[in-house]
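Structure first, then comments.
The values are calculated or read from the model by the stated rules, or taken from the named source; none is laboratory data. What you are looking at is a predicted structure, and each value in this text was computed from that prediction instead of being measured. Here the Cβ positions follow ideal geometry from the backbone for every residue, glycine too, while neighbour counts run over all protein chains shown.
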């Protein structure tokens, strides 16, 4: 009951107001702490928003900062007749105008059987063997479960051997079995060994007219140029990629009498968009920074981060990157302003689109797309064509002096050389046409095409059946004959993933092998030397990568194309690493956002500690305030109670005195 506040009911004094006045100093202190807490929370929120802005800027800048798939390396292709030819170009494509003629399209081999009365017509039984080109032959057994025209079609399709079988109805209302290779190209012909029994009065043996195919197997043929020195190439598919470097042609219609014009040029729209997107993102970041750091003279108020050193420092670091002059490239394109990207009085970037387009389109003499990429992206320049820069990570550092590349082991491919020389002529038949091997970790059996081969022809046949096998997709070999007439099988991949194993099988002896031979490739090995200090590198195939934790080369990737004979005891080359404008900016942002040592992470931790500390002070002051208020309230309550008691006593005494006076008067 002592905590009940009777608020001056007896004395008439406003004790609540008196208590509030007596505690005003303590309340002011609490208000100050709460104001400080709110300010710290607001600053923390501002810096969290700044992190979001920086992440957005980094994402946009990454398009220009990347050493691979950079928009300045993109190419646009136009074709005079898109209904006849579709073309795409990669970064290695050379800008220019090319005259092409599509002579023929690649076609798939298609043959038809003789007429049958209906799809369920009975056929004779036996073994029906079929093969496409140099692929493995499939032997299909025809018995009581599938001895019909439809049964043979289903069995061929189920075998999944690169042939589609379908039954079609011709104009005579009869039915034919149509066999179509799933692959186009002259080498992908269908070959059938028909072991079915001869026809009987009740069942027919299907036969196919290979001399008069429904469609002959053919290659696509495209001619570059129209003069006496015109170049013509063929392709098993309608995709032709070996005529113009970096350009893939998809031929759609053939017309030898109508040349087509193909124009390859820098993808100006893509590059221009990337630059303008970056400028917009950068200006947006500056807008945000200004909104939290500026002073408004009209209202005489400052934004939440006005005068804040960290915010000013972050802006200054990014502006410094924007104004960088990038070494190692063309002096005509070593800074943004040269391209028409200039800084205004407010620090914002503006773009002169006409000037920028002239650089992108290649109209500025001495400036290439590689120079433009160099201005924005991380780049590496080597003094050895067999030591080439691939990419780098955010932790790879720029260097004032070139990085030395010391190769101790060149990458090697797995190679198996037969122990016995090939005969001048080798006959391949059903008794010696099976070769089981493992290529780069994948094992299968291939079937050599029957025939009589010279040494060179046999090497070509082995290479063709291995590279044409669908099991080895993405894996290829090179097969040749050495000076001692021995067959050599080499995986086309490099490093420890390069493997060739030949197992005991019917073809090994004729090829000069015993069966059981195996070889594994070797990864490149070496190190990077920076200012005389060696930094560790790991090899994977022909790629040498700087180890995690390296002071300078962490994440640096270099392609080493040297042969073992080219590796010397000294350094094989030097590499100069430079970061372009957006790459430098992203490196700064990465450092600011680093989870362990970044400025913004440290600031957030600092604000969290500050807010916690202020809250502790608030809690402590609030406890003291509450205790003092309780004490004062109790004291005033006691005073009011005492006054109430005095008033009660006074009333009692007055009443008694009145009674005594009344008695005295009556007597």
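What the table shows:
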quantity	calculated
Single unsatisfied condition, residue 518 versus (1) under 30 Å from residue 47 (Cα atoms); (2) modelled with pLDDT of 95 or more	(1)
Residues satisfying the stated conditions in region 117-170, i.e. without any contact (Cβ under 8 Å) to a residue 40 or more places away in the chain and either assigned to a loop (DSSP other than H, G, I, E, B) or outside the structural domain of residue 186 (by TED's automatic domain parsing) (or both)	120, 143, 144, 145, 146, 160, 161
Residue within region 491-502 that is modelled with pLDDT under 95, crowded, with 20+ Cβ neighbours inside 10 Å and within 40 Å of the chain's Cα centre (by Cα) present	no
Restricting region 439-449 to residues that are surrounded by 16 or more Cβ atoms within 10 Å (Cβ to Cβ) and more than 16 Å from residue 487 (Cα to Cα), the residue that is nearest to the chain's Cα centre (by Cα)	440
Answer residue from region 274-301, given it is more than 30 Å from residue 353 (Cα to Cα) and out of contact with any strand residue (DSSP E or B) (no Cβ under 9 Å at 6 or more places or on another chain) and is surrounded by the fewest Cβ atoms within 10 Å (Cβ to Cβ) among those	298
Hits in region 428-438 (condition: touching a residue at least 60 places away in the same chain (Cβ under 8 Å) and touching a strand residue (DSSP E or B) at 6+ places or on another chain (Cβ under 9 Å))	428, 432, 433, 434, 435, 436, 437, 438
Matching residues in region 60-101 - criterion: being free of Cβ contacts under 8 Å to residues at least 40 places away in the same chain and touching a helix residue (DSSP H, G or I) at 6+ places or on another chain (Cβ under 9 Å)	69
Single condition residue 143 does not satisfy, out of (1) loosely packed, with under 15 Cβ neighbours inside 10 Å; (2) closer than 30 Å to residue 259 by Cβ	(2)
Qualifying residue in region 532-541 (condition: modelled with pLDDT of 95 or more, assigned to a loop (DSSP other than H, G, I, E, B), out of contact with any helix residue (DSSP H, G or I) (no Cβ under 9 Å at 6 or more places or on another chain) and surrounded by fewer than 16 Cβ atoms within 10 Å (Cβ to Cβ))	no
Pick from region 171-186, criterion part of a strand (DSSP E or B) and either free of Cβ contacts under 8 Å to residues at least 12 places away in the same chain or out of contact with any helix residue (DSSP H, G or I) (no Cβ under 8 Å at 6 or more places or on another chain) (or both), ranking: farthest from residue 197 (Cα to Cα)	184
Within region 310-368, tally of residues that are assigned to a strand (DSSP E or B) and within 28 Å of residue 77 (Cβ to Cβ)	2
Any hit, region 618-627, residues being more than 21 Å from residue 31 (Cα to Cα) and either under 60 Å from the mean Cα position of the chain (by Cα) or part of a helix (DSSP H, G or I) (or both)	no
Number of the exception - residue 223 against (1) in a loop (DSSP other than H, G, I, E, B); (2) in contact with a strand residue (DSSP E or B) (Cβ under 8 Å, 6 or more places away or on another chain); (3) not assigned by TED's automatic domain parsing to the domain that holds residue 139	(1)
Some residue of region 494-504 being out of contact with any strand residue (DSSP E or B) (no Cβ under 8 Å at 6 or more places or on another chain) and either farther than 30 Å from residue 572 by Cα or in contact (Cβ under 8 Å) with a residue 12 or more places away in the chain (or both)	yes
Residue 275 at pLDDT 95 or above, out of contact with any helix residue (DSSP H, G or I) (no Cβ under 6 Å at 6 or more places or on another chain) and part of a helix (DSSP H, G or I)	yes
Single residue of region 461-471 satisfying the filter (surrounded by fewer than 20 Cβ atoms within 10 Å (Cβ to Cβ) and within 24 Å of residue 412 (Cβ to Cβ)) that is modelled with the lowest pLDDT	467
Subset tally (residues that are more than 21 Å from residue 429 (Cβ to Cβ) and touching a helix residue (DSSP H, G or I) at 6+ places or on another chain (Cβ under 6 Å)) for region 459-480	3
